[in-house]
Amino acid sequence: MNGPAIPPEPIEDQLRREQERFSFALEAADMVAWDWDVVGDEVLRSRNADRVLGLDSGGATGSGREFLSLVHPEDRERVRLALHRAVHEGAEYDEELRLLRPDGTVRWVADKGRVTRDETGKPVRMSGVMFDITERKLAEQALRQSEGHLQFIADATATYLAHCNAERRYVFVNRAYAERFGLTPDQIVGRTVAEVLGDGAYESIRPYMERVLAGETFQYELNLEYPGIGRRHMHCSYTPEPDAHGRIVGWVAALMDITDRHRLEQALRESEESLQEADRRKDEFLATLAHELRNPLAPIRHALEILQIQGSPEPGLQWTRNVIGRQVEQLTRLVDDLLDISRITRGKIELRQERVELSAILDRALETSRPLIEASRHHLAVIVPEEPLSLLADVTRMAQVVSNLLNNAAKYTRAGGHVELSAEREADHAVIRVKDDGIGIPPEMRPRVFDMFTQVDTSLERAQGGLGIGLTIALRLVELHGGTLEVESAGPGQGSELIVRLPLAPETAVPPPDIQETRGEIPGEIPGPRSVLRILVVDDNEDSADSLAIWLGLMGHDARTAHDGPQALAVAQEYRPDLIFLDIGMPGMNGYEVARRLRQQPETRDVTLIAVTGWGQDEDRRQSREAGFDQHLVKPLEPKALEKLLAGMAPRA
């Protein structure tokens, strides 16, 4: 089947669908996005705000005064002052507060915002997000109450005492036991176990009494049914009591009521299981969200490259293409960062280490970050040593670290500033420094700069600050490589310097991996002549498949499309492609099954098979490798990565 001749869906419509997906993500996460016109006191809210805030406004707008009226009276003045300091003093706005909804219910929320200022420094807008944290606050309150119960139990330890008297009867001897259960001392002190607990409970512990009379010291836990107070969980400790000749004539027993502790332990186990389940569902949600966002990003990127190849030199259209390209890059980075921080915090990230020259890592990082630096009109200086410095590192991940540091410097340095990337050898370590003359870091913020979601500057637009997880990811990746990451700054307005120290590679190093698993990039240059290739694009998203096929055609290749598994198998058998780009998450027959069947057919057994998908978790990569894929690429494809991939391929014999 030949590739379609009609152009893909207009980019404007695809961007509108993308906005609808983001709105769905906000609703699924109980997150409200808001934008406050500080001058006109008008607040624009995301469409799920009425449900979260308990309003019935029937619209997406309101005012700052209306929001403050919803804040619990005990929190209102604190929130008002925090907003005032953020707008007029440049302070950070990050508050946890209670909302008193019109129906009388109270919900806890975390509210964060950033102020936008005009060229004169006057505040004009404030944008932010609000999360519902009621369940977390209730859990914290329950934990504080549980700690109080534990303290009470600790105070009561070893106060319930009894011993065997001369008549060999097990007798309670202290008043605390009576007081613990609301009984009078006469009902406990001097009375036997059978009299206090009843015959049933007495018979349940009688075997233990016989054991202690034989000289055994031991402890155990049991449930006892007490008359009038119900079942209690008890910890019992028995100690034999000998006479002057060493004969066992009785015993002393300490009984501790651990019912509350037992219940608490059970509650904690259930809570831990619940948290683990919530964490698993969160990871599933992030993976699904990434997939759903990457799928529409792919045809947008393809359409953008088509426009770039066929585009008019008219300045207005070129500006439009550049804007769309930058925003697609930003969305892609945000999705990747969210998944990276989830993997790292769960310890699910695996390094693919090989011996690599530091210069290769720096070149790759500069290639990624240079557009942002140039867009900000910064002066970039690169200082590297002439001697080669070899590391044992994951090339992609370490390039990501350096790129994150460069991006951080670019974002927090005002237009026209200076950014310097340098490297040197210090003993048996390679040291990478990223220095800028930007806004600097206040002393009180330095211990927090590597914390997740931390933003140093409150005066820049939130869009420039990203999610606040870039440095967190960089620190974790450096530590996984056995290195350190430090920050230095003389204070506000004095710039900052981020310093990475990595151990140099030993004389022998692990070999590189056999199969490339990338995040949309192809490492290194692929030499070889450019050839016309027969390429089959398989994707149930027709916009994605058709736009990629058109893009490949404009690059000089012969491309066809298929939109489901059975069609892909039929076209591949007749078309005999050199390369197949195959989506994984297709309905009916998924990409894994299609790959396995392609490897079983003689006509396609040796075809180059590349997964191009919105699924990028470690488990997805493992499954694609087992199904027979040669590479696993994540949508949207990078233009340079695609060019490198195709440049070194030759048609099949």
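Tabulated data for the structure shown
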quantity: Residue-span extension gain [residue 277 to residue 596] - 0.36 nm each, minus C-alpha spacing; calculated: 111.6 nm
quantity: Distance in nm between pseudo-label sites at residue 531 and residue 84 (7 Å out along the Cβ direction from Cα); calculated: 7.4
quantity: Sparse-neighbourhood loop sites, trypsin sites (Lys or Arg not before Pro) in the range 380-421 - DSSP loop, at most 13 other Cβ within 10 angstrom; calculated: 414
quantity: Residue-wise HN-Hα coupling along the range 389-399, computed from phi with Karplus coefficients 6.51, -1.76, 1.60 (Hz; x: Gly, Pro); calculated: 10, 9, 10, 9, 8, 7, 4, 4, 5, 5, 5
quantity: Per residue accessible area in Å² of the range 580-619, where ligands, DNA and RNA are left out and the probe is 1.4 Å; calculated: 38
quantity: Residue 91 long-range amide H proximity, modeled H, under 5 Å; calculated: 86
quantity: Residue-by-residue Karplus 3J(HN,Hα) for the range 627-634, coefficients 6.51, -1.76, 1.60, Hz, glycine and proline x; calculated: 7, x, 6, 7, 9, 10, 10, 9
quantity: Qualifying GluC sites (Glu not before Pro) in the range 346-442, DSSP loop, other Cβ atoms within 10 Å at most 11; calculated: 386
quantity: Segment residue 504-residue 424, length gained on full extension (0.36 nm per residue, minus Cα span); calculated: 27.7 nm
quantity: Global geometry of the range 553-641, whether rounded, prolate or oblate, following the gyration tensor of its Cα atoms and the 1.5 cut on a/c; calculated: oblate
quantity: Rg followed by Dmax, in Å, when the range 368-416 is reduced to its Cα trace; calculated: 12.8, 36
quantity: Whole-Hz ³J(HN,Hα) from phi, Karplus 6.51 cos²θ - 1.76 cosθ + 1.60, for the range 86-96, glycine and proline x; calculated: 5, 6, 9, 10, x, 6, 6, 9, 8, 10, 10
quantity: Placed amide H near residue 188: partners under 5 Å, 5+ positions off or other chain; calculated: none
quantity: Exposure ranking of 257, 546, 558 by accessible area [1.4 Å probe, largest first]; calculated: 558, 546, 257
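The values are calculated or read from the model by the stated rules, or taken from the named source; none is laboratory data. As the structure is a prediction and not an experimental result, all values here were calculated from the model. Cβ: placed from backbone, ideal geometry, glycine included. Neighbour counts: every protein chain shown. The area values use the complete protein model at the heavy-atom level, side chains included, leaving out ligands, DNA and RNA. Shrake-Rupley method; radii C 1.70, N 1.55, O 1.52, S 1.80 Å.
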